[in-house]
Amino acid sequence: LQFLSSTKAPFWINAYTYFAYKDDPSGISLDYALFNPNAGMVDPYTKLCYDNMLYAQVDATIIAITRMGYGNIEVKVSKTGWSSKGDPNEVGATLENAAMYNRVLLRRHLGSEGTPLRPSVGPLGLGRGLANVGFITCTYIGPDHGMGRHAMEEAGYIGTVKNHVAWF
């Protein structure tokens, strides 16, 4: 963190709301995890209201880094996504949910939307973030998580965004 602070480089995170939802589908609203309209949640410490889990994850990282004395470091999301296919016990892993997550994520990215904690700073770097994650060690979701080869073949091409191919 000291190096990032001194070089003014961002702290990149991989943020996957799918895994939190999959592990607790009765405690986490699918709409909250997918950016769909929902009641949201209020953080008990900051009193900020979150309408989606991704921004809550980003802000939780910012708060942790700030408490360590590095509040000047920008936090960016390098990889995120939703599984388009999974085993029967992998709740929510559907092509429809993956397409919804990716569409709304891209819309928010293009709008340069910030998080409740840093509303003027868009957290989505997504330089390589719209790709499948080969290192995920779950029973099935690895090859169909995010927007990589399998998900792209099923979900479809939507264009190029700032020199990056975008799929939904």
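For the reader, a short list of remarks on this structure follows.
- Residue, surrounded by the fewest Cβ atoms within 10 Å (Cβ to Cβ), within region 60-79, restricted to residues that are of a type outside the set (A, V, I, L, M) and within 13 Å of the chain's Cα centre (by Cα): Ser78
- Identity of the residue in region 1-59, loosely packed, with under 15 Cβ neighbours inside 10 Å and charged (D, E, K, R), that ends up nearest to Glu90 (Cα to Cα): Asp23
- Some residue of region 70-85 being at pLDDT below 95 and more than 24 Å from Gly125 (Cβ to Cβ): yes
- Selection count, region 88-102, where residues are open to solvent by less than 60 Å² (accessible area, probe 1.4 Å) and of a type in the set (Asp, Glu): 1
The values are calculated or read from the model by the stated rules, or taken from the named source; none is laboratory data. As the structure is a prediction and not an experimental result, all values here were calculated from the model. All Cβ positions, glycine included, derive from the backbone under ideal geometry; neighbour counts span all protein chains shown. The area values use the complete protein model at the heavy-atom level, side chains included, leaving out ligands, DNA and RNA. Shrake-Rupley method; radii C 1.70, N 1.55, O 1.52, S 1.80 Å.
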